[in-house]
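A.B. asks: This is the structure I want to talk about, given as structure tokens.
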Amino acid sequence: MAEQTSRGMTKGRLRKAVLWITVFFLAVLAALSVYSAFLGSSKATVFFNSPPLAVFWILLALLFAAGFFTVKSLVKRPALFLCHLGCLLVILGALWGSQDAHQLRARHFGSTKVREGMMKIHEGHRENRLYSADGTSTVVGELPFELGLDDFWIEYYESKGQLYSVDSNDVATAVTAEPGKVLDLGEGKPKIQITRAFKNFKIMIDGDRRIAHDAGGSNVNPALEVEITLPDGSKSGGHYVFARGFGGHGFEYEGLFLGYRYSGPSQISDYKSALAVVEDGEVVLRKTIEVNDPLHYGGYDFYQTGYDQQRGHYTVLSVTSDSGLVPVFIGYFFLCLGVIWQCWLRHLRPGKAVSA
């Protein structure tokens, strides 16, 4: 009896020791997280993957694992069990996907998988080499397949420009260059209404008729079609104001000069790469990627991170290994489910009264 009591006391002390050491480690983790917030993302990544922190992660994982053996009541409390298991899976997944783990697998098991790198692919070409993520030309590995760049293009925020007028007294008035907008010059003066906007104004000859149309494409010849309403109510349509390339770049009417101030697309809204995955000479997958919409294939994630800013002839991809992501995602799912269960679902068990 005394021996059982002593054994029970020993288990109790061990359980408390594991609990308090785990709490201490979690407090240290919180402090390290606050500290890393002031380092910036790049330095924080290096910091959390340093050898001392690797030892810290391993010890923390061992403490969570020890909890399943020392705290038997976890099995009877599903919410806490899920939270505990979720934390363990997140740590194990992060360790498995770390740079050190990739190097160990390469050294002892012959793995050729690279944790991270960069790719530069020209339009119409294929590539499978991965270069160092620090921007140097060092080749750090090769993919077991090729990526081809079918097309690359840049999208811009639409720039509408302004229709403006300058009278004989150099008084300027302007309005946003959108169809339907009216440039009101005041009482006793004409009103100018924008009827059409062209990105690339062209004239098409159809017999004796000349038809203005928008050739589309890039903003080669931006123009506006306007209708002028005189003070007596009469209207004169079919007038055009050009942003560039025609005389004084504007239109004069009874001492009134109309101009089209068009700055063109000034800000990039997105840039996209049409990629093809090629294995054994055959295209097995096509996908157009953009920022925050990567390609997932062959154990890697391919993110759009850069491009040829001079001519737009190539794309730059950031490549990361997806090793360890599955247990991390499952761990976060278990952790969230455990918190929801602990805070809400456990109160909804049949036969259990819910206090108001």
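A.B. asks: Residue by residue through region 26-40, what is 3J(HN,Hα) from phi via Karplus (6.51 cos²θ - 1.76 cosθ + 1.60, θ = phi - 60°)? Round to whole Hz and write x for glycine and proline.
C.D. replies: Values, residue by residue: 5, 5, 4, 4, 4, 5, 5, 5, 5, 4, 5, 5, 8, 8, x Hz.
A.B. asks: Moving to a separate point now. For a quick protection proxy, order the peptides 300-306, 232-238, 71-77, 173-179 by their average other-Cβ count within 10 Å, most packed first.
C.D. replies: The most tightly packed comes first, giving 300-306, 173-179, 71-77, 232-238.
A.B. asks: Further question: With a 1.4 Å probe and every protein chain left in place, work out the accessible area per residue of the chain in Å², rounded to a whole number.
C.D. replies: 62
A.B. asks: Straight distance only, please: which lysines reach the Cα of LYS189 with their own Cα at less than 21 Å, same-chain residues fewer than 8 apart left out?
C.D. replies: LYS181, LYS235
A.B. asks: Given DSSP loops and a limit of at most 14 other Cβ atoms within 10 Å, what is the longest stretch of the chain that contains no such GluC sites (Glu not before Pro)?
C.D. replies: Excluding the exposed sites themselves, the longest stretch runs over 1-157.
A.B. asks: Next question, about the same structure. Helix 51-70 versus the longest principal axis of the chain: what angle, 0 to 90°, nearest 10, using Cα atoms?
C.D. replies: Helix 51-70 and the main axis of the chain meet at about 60 degrees.
A.B. asks: If I fit a long axis through the Cα atoms of helix 99-109 and take the longest principal axis of the Cα atoms of the chain, what angle between them do I get, 0 to 90°, rounded to 10?
C.D. replies: 60
A.B. asks: Build a GNM of the chain with springs between Cα atoms under 10 Å: which of TRP20, TRP57, TRP96 gets the top mean-square fluctuation?
C.D. replies: TRP20
A.B. asks: Quick one: work out the % antiparallel among DSSP beta bridges in the chain, nearest 5.
C.D. replies: Here the antiparallel bridges make up roughly 95 percent for the chain.
A.B. asks: Could you tell me which label, among (1) 33.4, 116; (2) 20.3, 71; (3) 21.9, 71, carries the value of Rg and Dmax of the Cα atoms in Å calculated for this structure?
C.D. replies: (1)
A.B. asks: Please calculate the 1.4 Å probe accessible area of TYR131, with all protein chains present, and give it to the nearest 10 Å².
C.D. replies: 50
A.B. asks: I've got another one for you. What is the pair-distance distribution P(r) of region 33-172, computed from all Cα-Cα distances in 5 Å bins starting at 0, with each bin given as a whole percent?
C.D. replies: 2, 7, 10, 11, 12, 10, 10, 9, 6, 6, 4, 4, 2, 2, 2, 1, 1, 0, 0
A.B. asks: Roughly to the nearest percent, how much of the accessible area of the chain is carbon and sulfur, given a 1.4 Å probe?
C.D. replies: 58
The values are calculated or read from the model by the stated rules, or taken from the named source; none is laboratory data. Fair warning: this is a prediction, and the values are worked out from it, not measured in the lab. Positions of Cβ are generated from backbone atoms using ideal geometry, with glycine treated the same way; all protein chains shown enter the neighbour counts. Each accessible area value is taken on the protein alone, full model and side chains, heavy atoms only, with ligands, DNA and RNA left out. Shrake-Rupley method; radii C 1.70, N 1.55, O 1.52, S 1.80 Å.
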